[in-house]
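Student: Would you mind keeping the following structure in view while I ask a few things?
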Amino acid sequence: MDSNINIAENHLRASEMKWFAVYTAYKREKIVAGMLAKKGIEVFLPLQKIRKQYIRKQKTVELPLFNCFVFVKITKREYVSVLETEHIVRFVKIGKNLLAIPENEIDIIKCIVGAQMQVETAALSLNGGDPIEVIAGGLSGLKGKFLQKDSKYNFLVELQIMGYGMRMQVKPEYLRKLKTYSSHLAGVEL
């Protein structure tokens with residue numbers, strides 16, 4: 001994700017179209033994409049062709065790259081229309097804010113799908129000691145170290161501020177894994 005994007009603000013704009021992800025009901029991605037297209041909303045459903053082996057034959061099927069996700073490019077005006085679409089559960093949000101997906105990330109997904117390679121997607125996993133950054137909530141921007149998964153809803157992280165270690169529970173959607181653990185916050189090295 002682009003590090004210049006401010007997670008703490010709502011990315012939905014009145015005039016600028018941006019990409020957003022919406023959750024759909026299970027196995028309803030293609031139906032939702034068709035309904036949104038009929039409404040005139042720009043929609044992107046990355047599909048991949050998979051060869052399935054059945055008892056007596058092989059069949060090629062198109063399956064969504066991301067289960068239960070469809071991407072829409074909208075402004076504020078289309079927001080309610082998208083939400084009112086049957087089989088849409090909700091928008092992907094951080095807290096109360098809609099999180100825009102950078103155009104370049106959508107382009108990368110389109111390129112991968114266009115290459116017609118079989119791809120497997122999985123949520124990023126965190127291991128003890130992994131460097132992380134809090135990307136939402138009141139601690140947004142703080143960097144620290146992932147300690148352990150307390151439950152599927154809370155991760156225990158350690159943030160080092162002014163020589164003191166602080167341990168707290170943070171929702172997993174509020175965390176982003178970093179490549180390295182060298183950080184600055186308001187001029188103070190953590």
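The values are calculated or read from the model by the stated rules, or taken from the named source; none is laboratory data. For clarity, every value in this text was computed on a predicted model and none was experimentally measured. Backbone-built Cβ (ideal geometry, glycine too); neighbour counts: all protein chains shown. Keep in mind that these areas ignore ligands, DNA and RNA; they rest on the heavy atoms of the full protein, side chains included. Shrake-Rupley method; radii C 1.70, N 1.55, O 1.52, S 1.80 Å.
Student: Rolling a 1.4 angstrom probe over the protein heavy atoms, how many square angstrom per residue are accessible across region 3-88? Could the numbers behind the result be given before it?
Tutor: Numbers: 5360 Å² over 86 residues.
Using a 1.4 Å probe on heavy atoms only, each residue of region 3-88 averages 62 Å².
Student: Further question: May I ask which of Lys143/Lys179; Lys39/Lys73; Lys49/Lys93 have a Cα-Cα span longer than 21 Å here?
Tutor: Lys49/Lys93
Student: If you don't mind, there's one more thing I want to ask. Please sort 34-40, 100-106, 49-55 by packing, taking for each peptide the average over its residues of neighbouring beta carbons within 10 angstrom, highest first.
Tutor: Top of the packing list down: 100-106, 34-40, 49-55.
Student: Using R₀ = 30 Å, calculate the FRET efficiency as 1/(1 + (r/R₀)^6) where r is the Cβ-Cβ separation of Val89 and Gln58; round to 0.05.
Tutor: So, using R0 = 30 Å, E works out to roughly 0.35.
Student: Project the alpha carbons of region 21-136 onto their principal axes and report the range along each, largest first, in whole Å.
Tutor: Computed over region 21-136, the largest-to-smallest principal extents equal 50, 46, 24 Å.
Student: Highest mean first, what order results for 83-93, 61-71 on Cβ atoms within 10 Å?
Tutor: 61-71, 83-93
Student: Rounded, prolate or oblate, given the Cα gyration tensor of region 37-95, with a/c below 1.5 counting as rounded?
Tutor: Prolate, since a/c reaches 1.5 and a/b exceeds b/c.
Student: Right, something else. Using all Cα-Cα distances in region 4-55, what percent lands in each 5 angstrom bin from 0 up to the longest?
Tutor: Result returned by the calculation: 4, 13, 18, 20, 15, 13, 8, 4, 2, 2, 1.
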